[in-house]
Amino acid sequence: MNRRLGVLISGRGSNLQSLIDAIRRGDLGARIALVISNRPEAAGLLRAREAGIETLCLRPRDFPDRAAYDQALADALKAREVDLVCLAGFMRLIGTPLLDAFPNRILNVHPSLLPSFPGLEAQQQALEHGVKVAGATVHLVNEALDAGPIVLQATVPVMPDDTAETLSARILVEEHRIYPRAVALMLSGSWRIDGRRLLPVQKASS
Ligand code: GRF
């Protein structure tokens, strides 16, 4: 339980909840040291408080520019000695101060099979495109939107009568399943990066 996570949210926090639940089940060997929201009304803040997790609301408008905001995020996470940062519905691009503070240590969950349908309303984009398979991706965060190396993905079928809501709900089940697994994988250290590929590494037995 000595590894420490920081979770960044903007809204309902169901992915945050999936991490809280995985920790309660003993699946992660980690705890959440801090939840930060950019929005005071984010429902996920309540979930965190109910789980006894420290919360912080940092509003972008209270900072002179994006770099200062991202530096404040990095400072808060570093002060709690966070090992891994998990974006869970955090609706902001991550800038250099935070990326540099946690190189290859920031994860995001996105409701599409990246690189298809990055950005907002990914499920609606998938429906409009007419894909027959959709899904969820957990990836490392870099300076571009939804573009870092892929850690885990899961697929779901797209049904003829799907709406954005029904497809989103089906994908969300997979988000909640793979995000804790991706966190466990990253914390295990049994991975390496080769170009864009995140590959498993067998630890040498002693
Ligand atoms: C999820 O669909 C996630 O993939 C996307 O934003 C949504 C956040 O949902 N980035 P929640 O706040 O975790 O419930």
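The values are calculated or read from the model by the stated rules, or taken from the named source; none is laboratory data. Note that the coordinates shown come from a computational prediction; the quantities given were computed from them, not determined experimentally. Using ideal geometry, Cβ is built from the backbone for each residue, glycine included, and neighbour counts are taken over all protein chains shown. Keep in mind that these areas ignore ligands, DNA and RNA; they rest on the heavy atoms of the full protein, side chains included. Shrake-Rupley method; radii C 1.70, N 1.55, O 1.52, S 1.80 Å.
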- Please identify every one of the GluC sites (Glu not before Pro) in region 1-78 that sits in a loop by DSSP and has no more than 15 other beta carbons within 10 Å of its own beta carbon. GLU41, GLU54
- Item | Prolate/oblate/rounded label for the chain (Cα gyration tensor, a/c 1.5) | rounded
- Query: What net charge is computed for the residues neighbouring ARG24, neighbours being all others with C-beta under 13 Å from the C-beta of ARG24, Lys and Arg scored +1, Asp and Glu -1?
  - Reply: 0
- Item | Beta bridges per DSSP with both ends in the chain, % antiparallel, nearest 5 | 45
- Query: Once the Cα atoms of region 139-179 are picked out, what are the Rg and Dmax in Å?
  - Reply: 12.5, 36
- Item | Simple label model, 7 Å out from Cα along Cβ direction - ALA76 to GLN124, nm | 2.8
- Note on the structure: With all protein chains present, the chain has a carbon and sulfur share of its accessible area (1.4 Å probe) in percent of 51
- Can you check what the net charge comes to around SER10, using other residues whose Cβ is under 12 Å from the Cβ of SER10 (Lys, Arg +1; Asp, Glu -1)? +3
- Message: So if I restrict to the alpha-carbon atoms in region 99-182, what is the Rg, and what is Dmax, the biggest pairwise distance, in Å?
- Response: 12.9, 45
- Accessible surface, per residue, of the chain when the full set of protein chains is kept, probe 1.4 Å, Å²: 50
- the chain, helix-only ellipticity at 222 nm - DSSP H runs n ≥ 4, -39,500 (n - 2.57), divided by all residues, nearest 500: -11000 deg cm²/dmol
- What relative contact order, as a whole-number percentage, does region 3-191 give when Cα pairs under 8 Å and 6 or more residues apart are counted? 21
- Message: Given a Förster distance of 35 Å, report the FRET efficiency between GLU50 and ASP161 from their Cβ-Cβ distance, rounded to the nearest 0.05.
- Response: 0.45
- Item | Per principal axis, descending, Cα span of region 1-119 in whole Å | 40, 36, 29
